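The values are calculated or read from the model by the stated rules, or taken from the named source; none is laboratory data. None of these values were measured; they are calculated from a predicted model. Note: ideal-geometry Cβ built from the backbone for every residue, glycine included; neighbour counts use all protein chains shown. Accessible surface is based on the protein model in full, side chains and every heavy atom, while ligands, DNA and RNA are left aside. Shrake-Rupley method; radii C 1.70, N 1.55, O 1.52, S 1.80 Å.
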2 protein chains.
Amino acid sequence: MGKQIRIGIVGYGNLGRGVEAAIAKNPDMTLAGIFTRRAPADLKPLFAQTPVHAMASLNEFQQTIDVLILCGGSKDDLPEQGPALAALFNTVDSFDTHARIPEYFAAVDAPAQAHGKTALISIGWDPGMFSINRLYGEALLPDGVTYTFWGKGLSQGHSDAVRRVPGVKAGVQYTLPSPDAIERVRSGARPELSTREKHTRECYVVLEEGADAAVVEKAIVGMPHYFADYDTRVNFINEETLRTEHNRMPHGGFVIRSGNTSEAHAQVVEYSLQLESNPEFTASVLVAYARAAYRLNQQGQFGAKTAFDVAPGLLSIKSPAQLREELL
Amino acid sequence: MGKQIRIGIVGYGNLGRGVEAAIAKNPDMTLAGIFTRRAPADLKPLFAQTPVHAMASLNEFQQTIDVLILCGGSKDDLPEQGPALAALFNTVDSFDTHARIPEYFAAVDAPAQAHGKTALISIGWDPGMFSINRLYGEALLPDGVTYTFWGKGLSQGHSDAVRRVPGVKAGVQYTLPSPDAIERVRSGARPELSTREKHTRECYVVLEEGADAAVVEKAIVGMPHYFADYDTRVNFINEETLRTEHNRMPHGGFVIRSGNTSEAHAQVVEYSLQLESNPEFTASVLVAYARAAYRLNQQGQFGAKTAFDVAPGLLSIKSPAQLREELL
């Protein structure tokens, strides 16, 4: 094994904590430190020995960090940090606002190219592993249809929407794929599925004192964009139940390509994830791609790249010869 | 779209026919011709307009073929053709003798490097897409176990073994994954599974006149290496049933990675194929990788490579910008 790859973590929420855990499972990597806008002494890392530094000191680490993993949010943090840090470090991020990816790619690509850095953007599982499987499906079965289903999983955006409804004290929302729709797709029939047929939504809500359950329920299920196009079930629970039974972040889903190689022969390719912790899995993907970012930079491959640009072998701790012998 | 990629097919069995069908589904490719050791006039291609040439004339096509797809067998054809043709053309093949891949890789790499050609070896679904998913699983969840299940599918090697048993006139063998074993793996429990627990085998046999069914059955189920380690069921049928009900080549299987990102959280990643025609799907994979072979060669990436070395984006007819916008 070559030298250790030195990783820095920027931002320390659920995703940053997941990255700290994942680095410990990859023996070719060391964690150079967590960088935070909070007072470093206030941050409690998973492992006591993990160094914690002030975000303001990040520039001093250019010689001692090989890849920075950006763990901030796509709405406020990454649009600013991604382009700025790609001028100074090799980076990996999980920018996941699908509609803005082309614009974000361009904003990160220019500084990375100009400074000889490699920036892997939109890494994780969707965008990320699901995107790769949508691409493979289409390329291998050009005469076909791709279906993506999400869940069962906690949706952060929809949970936030529920919590903004007047009368709601706290709550969470789960997205559920329709088992019936999945079976129809697996049959190779290439059904046309409406939004309502593909997923259902389930909310667990704690009411504020004196709030009217019927009014709250109506406000949720009729909410345009978030719930109006789905069959939504609202369950009212107490705070204790919310805390004990809805404190995890499961997620997952399915990418299914159904296609024909000839009139007589249908073929179905399926990729699925069943995740007990969405942020920990996303973090684990970011860490594997940090290895690829380091190697691509060593090869002189500069600029912004996505999961589509990374050969599978670059993710593995094993050498190409070992991979051919053991995994092919 | 750039210029058309001109493909040549070497060998015309089920796989070669599948390649001919797949090229017709990829608008950026044209079929320059099929090359055969038979008399060209005796070969009946799927499409009347497909040119058929004698194998001996292949050298004359070096300037008019961009990528050759080698559709011969791994036992006798490829060990000879792979290295010889990699000196003259960019090639893609489905060499699938797992234990001999390192040796075959070296034999193809040297001539390809020496002549500035790109040779993609061991492409298909296993080796191929299953290998990629074993690699991704391991890289994303280093603390975990990978399981590969095959079937339900027709196994050529095991069907041949059945047909060699004295008293057997004709027959086929299907490999079946154990649904119970798959469920245990999906639960995240990381079970240790014996060969017998993972798969069962099912044979459909036509007896020669006067053969003793009990003797034949005993010879099959006790056959070392092929059947002795499995629970095998032998069904005796007549020739008409064999011809009408067992004339297809379905296959498929599952690659499942079960791992933990922390003590509290198990994660399961699954990739599966459900194929009505094994050779047509394998052919379709070869054709997508022919596009990648052409592009890698244009980039100056010479030598032997496997699916591990090919970035997903190289397989797609779409441009990188289009892929980011539509599929990420």
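Numbers at a glance
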item	result
Heavy-atom accessible area per residue - region A:244-309, 1.4 Å, Å²	31
Highest-fluctuation residue, B:D77, B:D109, B:D180 considered, GNM on chain B with Cα pairs under 10 Å	B:D180
Options B:Q49, B:F35, B:G72, ranked by Cα towards positive dipole end of region B:34-85, top entry (Cβ charges)	B:Q49
For the protein assembly as shown, share of DSSP beta bridges that run antiparallel, in % to the nearest 5	55
Whether region B:184-320 is rounded, prolate or oblate, judged on the alpha carbon gyration tensor where a/c under 1.5 counts as rounded	oblate
Loss of accessible area when A meets B, both sides summed, Å² nearest 100, probe 1.4 Å	5800
Shape of region A:98-170, Cα gyration tensor, a/c cut at 1.5	oblate
Dimensions in Å of the protein assembly as shown - Rg and Dmax from alpha carbons	26.9, 88
Cα gyration tensor shape for chain B, rounded if a/c is under 1.5, else prolate or oblate	oblate
Values of log10 I(q)/I(0), in the order q = 0.18, 0.19, 0.29 Å⁻¹, for region A:86-131 under a Debye, Cα-only, solvent-free model	-0.50, -0.56, -1.01
Probe 1.4 Å - accessible area at B:T232, Å² to nearest ten	30
Positive dipole terminus of region B:262-328, leading residue within B:L323, B:A292, B:A264 (C-beta point charges)	B:A292
Residue of A:S262, A:S122, A:S131 that the Gaussian network model of chain A assigns the largest fluctuation, springs spanning Cα pairs under 10 Å	A:S262
Computed [θ] at 222 nm, deg cm²/dmol, chain A (DSSP H ≥ 4; -39,500 (n - 2.57); rounded to nearest 500)	-9500 deg cm²/dmol
Residue (of B:G151, B:P224, B:H246) at the positive-pole extreme of region B:133-269, dipole from beta-carbon charges	B:G151
Of the GluC sites (Glu not before Pro) in region B:217-297, those whose Cβ has at most 13 other Cβ within 10 Å and which sit in DSSP loop	B:E263
Average accessible area per residue (Å²) across region B:139-229 - probe 1.4 Å, nucleic acids and ligands excluded	48
7 Å along Cα→Cβ, label-point gaps from B:K169 to other copies, nm, shortest first	8.0
Dipole magnitude of chain B, debye to nearest 20 (Cβ charges: Lys/Arg +1, Asp/Glu -1, about Cα centre)	620
For B:F35, distant residues with modelled amide H under 5 Å away	B:I9, B:V10, B:G11, B:H53
Filter on A:K25/A:K318; B:K169/B:K218; A:K3/A:K25; A:K305/B:K3; B:K25/B:K75; A:K117/B:K305 - keep pairs with C-alpha separation over 19 Å	A:K305/B:K3; B:K25/B:K75; A:K117/B:K305
Per-copy distances of the A:E239 label point, shortest first, in nm (7 angstrom along Cα→Cβ)	8.2
Shielded by partner chains, region A:86-123 residues - at least 20 Å² of accessible area, 1.4 Å probe, vs chain alone	A:I101, A:P102, A:F105
